[in-house]
1. Taking the conditions exactly as written (without any contact (Cβ under 8 Å) to a residue 12 or more places away in the chain and not in a loop (DSSP other than H, G, I, E, B)), does THR198 satisfy them or not?
2. Report yes if ILE255 is part of a loop (DSSP other than H, G, I, E, B), modelled with pLDDT of 90 or more and crowded, with 18+ Cβ neighbours inside 10 Å, otherwise no.
3. Somewhere in the stretch 179-200, is a residue modelled with pLDDT of 95 or more and acidic (Asp, Glu)?
4. Filter the stretch 1-21 for residues that are outside any loop (DSSP other than H, G, I, E, B), out of contact with any Asp or Glu (no Cβ under 7 Å at 6 or more places or on another chain), modelled with pLDDT under 75 and of a type in the set (S, T, N, Q) and give the result.
5. Tally up the residues in the stretch 185-196 that are hydroxyl-bearing (Ser, Thr, Tyr) and crowded, with 17+ Cβ neighbours inside 10 Å, please.
6. Looking for something under 22 Å from the mean Cα position of the chain (by Cα), over 20 Å from SER238 (Cα atoms), among the β-branched types (Val, Ile, Thr) and at pLDDT below 85 - is there at least one such residue anywhere in the stretch 151-172?
7. Would you point out the residue of the stretch 214-239, among those that are in a loop (DSSP other than H, G, I, E, B) and without any contact (Cβ under 8 Å) to a residue 60 or more places away in the chain, that is surrounded by the fewest Cβ atoms within 10 Å (Cβ to Cβ)?
8. Only one of these conditions is not met by THR216: (1) touching a helix residue (DSSP H, G or I) at 6+ places or on another chain (Cβ under 8 Å); (2) of a type outside the set (Lys, Arg); (3) under 14 Å from LEU263 (Cβ atoms). Which number is it?
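The values are calculated or read from the model by the stated rules, or taken from the named source; none is laboratory data. This structure is a prediction, so every number in the text was calculated from the model and none was measured. With ideal geometry, Cβ positions are generated from the backbone for all residues, glycine too; neighbour counts draw on all protein chains shown.
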Amino acid sequence: MNCEQARELLGPASDNELANESAAMVAGHISKCDQCQSEWEQILSVRAGIVDILAQQKPSDDFEKRIISALHQEQKNSRRKYLSAYLIGVAATIVLGSFAISAFLSSFRSPLSSTLSSIAAESLVASIGHHSTGPEDPSFVVNYVGKKDAVDLTPKVGFTVQRIKLTNYDLYGSDIVKTSDGKTLVRMCYNCTDGSSTDCIDCYQAPTGLLSLQKTTMSQIVLENGQVARLGKFGEQSALLLSKQGADILYVSPISSEKLIKLVAPTT
């Protein structure tokens, strides 16, 4: 896919109107092309800005009543009653449309909204990610527990850790991560076994709702297996987020977004 083809699909992609295969191709191109990535981020930023503007400038009930009342009065005084009726319809449409647009655009924001008790995913990855260069955050304590799979980790962390299977990738090591305020999550690292890549994949798992996003905007996609997921970037790394059976699962790796999608949900 070239830049011209990708740009034609950015709009439909932001509206979640693309088929799975096309969405994966666009995501793969964006992960490799800085210019298209910049245009994609601008689209998402504009949509996010519109949501904020709508939230700040939402008309009050009193304002709406005064508009409609004035239009009704105009209807009584004017001989062209059909025009007033039309204006009333337009006013009602604008009011209802503002709410519809707000609800529609809000779907482009990640479901991981920030709360006071949550863990910022960006800070977590920047501090302890295997491919991150940021300074370590002392609020995260990493305890390496060896090559432990989901069945071994679940009784140690208090939530059901999901088993991960990635084609041509094997589990290399597992960590139990604790925060300074007592929260617990896990990180599992997967290495490529066929020599095609030297980049590992970090898989973070936490109870649903524990992770949050501060600044990252992730677009919604549908995987080959029909599961809804979120795709984005943490710096130069691809990030894929999904929820399954009470756990948020966050994959982070320098590999392309397209490859990461195919590993998580291979084509059958």
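1. Values: without any contact (Cβ under 8 Å) to a residue 12 or more places away in the chain: yes; not in a loop (DSSP other than H, G, I, E, B): no.
No; evaluated as a whole, the condition is false for this residue.
2. yes
3. No, the stretch 179-200 contains no residue that is modelled with pLDDT of 95 or more and acidic (Asp, Glu).
4. The answer is SER14, and nothing else.
5. 1
6. no
7. Step one: filter the stretch 214-239 for residues in a loop (DSSP other than H, G, I, E, B), giving 214-218, 223-227, 235-236.
Then drop every residue that is not without any contact (Cβ under 8 Å) to a residue 60 or more places away in the chain, which leaves 225-227, 236.
Working: ASN225: 12, GLY226: 8, GLN227: 13, GLU236: 10.
Once the filter is applied, the top-ranked residue is GLY226.
8. The number of the failed condition is (3).
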